[in-house]
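Single-structure report; data block below.
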Amino acid sequence: MSPQPRGTNRRTVLAAGAAATAAAGAAAAPAAAAEPAAGPAQADRPPATAQRPGRELRALLAEVDPDRIEADVRRLAAFGTRHTLSTQDDPDRGIGAARDWIHRRLRAHAAASGGRMTVDMQSYVQEPANRIPVPTRITNVLATLRGDTDPDRVYVVSGHYDSRASDVMDATSDAPGADDDASGVAVAMELARVLATRRTAATIVLAAVAGEEQGLYGAAHMAEQFRVRGTRVQGMFTNDIVGSSTADDGTRDPRTVRLFAEGVPTAETPGEANTRRSVGGENDSPARQLARFVRDVADNDATGMDVRVVYRRDRYLRGGDHIPFLERRFPAARFTEPAEDYAHQHQDVRVEDGKQYGDLPEFCDFGYIARVARVNLATVWTLAQAPGTPTGVGIVTSALTNDTELVWDRGTEPDLAGYEVVRRETTAAEWTHVEPVGDVTRHTVRASKDNLFFGVRAVNRAGHRSPVAFPLPRS
Ligand SMILES: [Zn+2]
């Protein structure tokens, strides 16, 4: 945090900025050594907007168990194949057996929730389409922890339980899919287990989805169900290929997870695009604010991880289950391991020239997956305890002035304490200043909106902060 006195005049803004940068640099001295670091790419850590984990969150994070994650990954890999087109009625092999096992495990976890966590199969028949030659039942398994005070505000963590071999249409060969993506499913399941005993203000959905390798079918169905019901999904994270910290050259980066977050929104309207071209904002999509929030709450000693935010929607030639959410205007991003080994994903299990190919559990690092689970847990737990992202946030442009007047709607959370205005230079990647402004819905900063970017976040009585909302021009 770098609280600023109220009424800062416009001449002091830049000087204060230098002080805040120096303070952040001092706090992060070991990470900011002159020698370039192998893993962490974001220089100023922690950010000015960082939220330190409290005792309750630390206790929750300590419950994440790498041994349980290992057991889940190994069990999922043992179904032989979990290809979306594989058998659905064999009790031992194929995607149907995996589906039923996930359902049973999540129900067992939910039993500890006193009825607040429910487990559902969300199912539909996909008619023939790209990579789906015959009508195929696609089933997502969802564990929903209903929020106490704001249940219609939802955060989603997912992994995909379908797998593939070298040929994406091969539904019978072994496709253990340990890293891609039993690892992500194990993250969602472990979160369900530890969250089942907790109460949150908003709702958390832990999801194992199918059809990803065939074309993101399961995630698209889930996102569409949220859309048609008018659910306020304020954050979604897919964990896809989070199983290993070892690159194909053998180097290890066990303390870094990548988070891919788009800039220009996938679903922006022509009007929104015009505004962006006029006054900027290509680095301020809801997905980017969500990614900054992850750095704020999960890049710290409690998770043991550096969150390396990557400013693109996904890797080259790849896509993931966050995309159907982005297409429906839900903020979403993708977690992935730091450097992939392509010999151990999308490959038939075989030995060639003495080299083992295939996505086998022996190439996973279960302690690493547990740390990725802690990053997800710190993120969704804080999101679900904090107020929702502010709405109706505008920057008043009715007249030419050298001030910045911000307006927003007051949230309805019973424990809402007030708001903070954040700002940064237009060339900075992360927010550099935080100004508490109290329980108001309008605030004027004595600095020019032409020279800086601003945002607004909500704070509750427990001190939890929401993600930042980026203002739209308002006349
Ligand atoms: Zn995948």
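Conditions tested, residue by residue: (1) surrounded by 15 or more Cβ atoms within 10 Å (Cβ to Cβ); (2) more than 26 Å from the chain's Cα centre (by Cα); (3) in the same structural domain as residue 146 (by TED's automatic domain parsing).
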residue	(1), (2), (3)
80	yes, yes, yes
90	no, yes, yes
103	yes, no, yes
106	yes, no, yes
121	no, no, yes
128	no, yes, yes
132	yes, yes, yes
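Only residues that are under 18 Å from residue 468 (Cα atoms) and assigned to a loop (DSSP other than H, G, I, E, B) were counted in the range 292-314, giving 2.
Take the conditions among the small types (Gly, Ala, Ser), closer than 30 Å to residue 191 by Cα and surrounded by fewer than 17 Cβ atoms within 10 Å (Cβ to Cβ) and apply them to residue 462. Does it pass?
Numbers: among the small types (Gly, Ala, Ser): yes; closer than 30 Å to residue 191 by Cα: yes; surrounded by fewer than 17 Cβ atoms within 10 Å (Cβ to Cβ): yes.
Against the criterion (among the small types (Gly, Ala, Ser), closer than 30 Å to residue 191 by Cα and surrounded by fewer than 17 Cβ atoms within 10 Å (Cβ to Cβ)), residue 462 qualifies.
Among the residues in the range 385-406, are any touching a helix residue (DSSP H, G or I) at 6+ places or on another chain (Cβ under 7 Å), over 24 Å from residue 447 (Cβ atoms) and in contact (Cβ under 8 Å) with a residue 60 or more places away in the chain? Taking every residue of the range 385-406 in turn, none turns out to be touching a helix residue (DSSP H, G or I) at 6+ places or on another chain (Cβ under 7 Å), over 24 Å from residue 447 (Cβ atoms) and in contact (Cβ under 8 Å) with a residue 60 or more places away in the chain.
Checked against (1) closer than 26 Å to residue 161 by Cβ; (2) under 16 Å from the mean Cα position of the chain (by Cα); (3) crowded, with 16+ Cβ neighbours inside 10 Å, residue 288 passes all but condition (1). Out of 412, 382, 404, one residue alone is among the hydroxyl-bearing types (Ser, Thr, Tyr), more than 20 Å from the chain's Cα centre (by Cα) and under 22 Å from residue 463 (Cα atoms). It is 412.
Residues checked against (1) under 26 Å from residue 250 (Cβ atoms); (2) free of Cβ contacts under 8 Å to residues at least 12 places away in the same chain; (3) out of contact with any Asp or Glu (no Cβ under 8 Å at 6 or more places or on another chain):
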site: 283; (1), (2), (3): no, no, yes
site: 293; (1), (2), (3): no, no, yes
site: 297; (1), (2), (3): no, no, yes
site: 300; (1), (2), (3): no, no, yes
site: 305; (1), (2), (3): yes, no, no
site: 321; (1), (2), (3): no, no, no
site: 329; (1), (2), (3): no, no, yes
site: 343; (1), (2), (3): yes, no, no
site: 359; (1), (2), (3): yes, no, no
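From 93, 58, 6, 10, which residue is assigned to a helix (DSSP H, G or I) and either at pLDDT 95 or above or not hydroxyl-bearing (Ser, Thr, Tyr) (or both)?
Details: 93 fails: assigned to a helix (DSSP H, G or I); 6 fails: assigned to a helix (DSSP H, G or I); 10 fails: assigned to a helix (DSSP H, G or I).
Exactly one residue qualifies, and that residue is 58.
Please verify whether residue 175 is closer than 21 Å to residue 95 by Cβ and touching a Lys or Arg at 6+ places or on another chain (Cβ under 8 Å), treating the condition exactly as stated. It is true that residue 175 is closer than 21 Å to residue 95 by Cβ and touching a Lys or Arg at 6+ places or on another chain (Cβ under 8 Å). In the range 55-74, of all residues being farther than 20 Å from residue 360 by Cα and without any contact (Cβ under 8 Å) to a residue 60 or more places away in the chain, the one that is surrounded by the fewest Cβ atoms within 10 Å (Cβ to Cβ) corresponds to 55. Where helices (runs of 4 or more DSSP H) sit wholly within the range 146-241, those with at least 1 residues that are within 16 Å of the ligand (Cβ to nearest atom), in the same structural domain as residue 77 (by TED's automatic domain parsing) and on the phi > 0 side of the Ramachandran plot occupy 212-215.
Just one of the listed residues (274, 283) is farther than 29 Å from residue 72 by Cα, more than 16 Å from the ligand (Cβ to nearest atom), assigned by TED's automatic domain parsing to the domain that holds residue 108 and assigned to a helix (DSSP H, G or I), and it is 274.
The values are calculated or read from the model by the stated rules, or taken from the named source; none is laboratory data. Quick caveat: nothing in here was measured; it's all calculated off a predicted structure. Note that each Cβ is placed from the backbone with ideal geometry, even for glycine, and that neighbours are counted across all protein chains shown.
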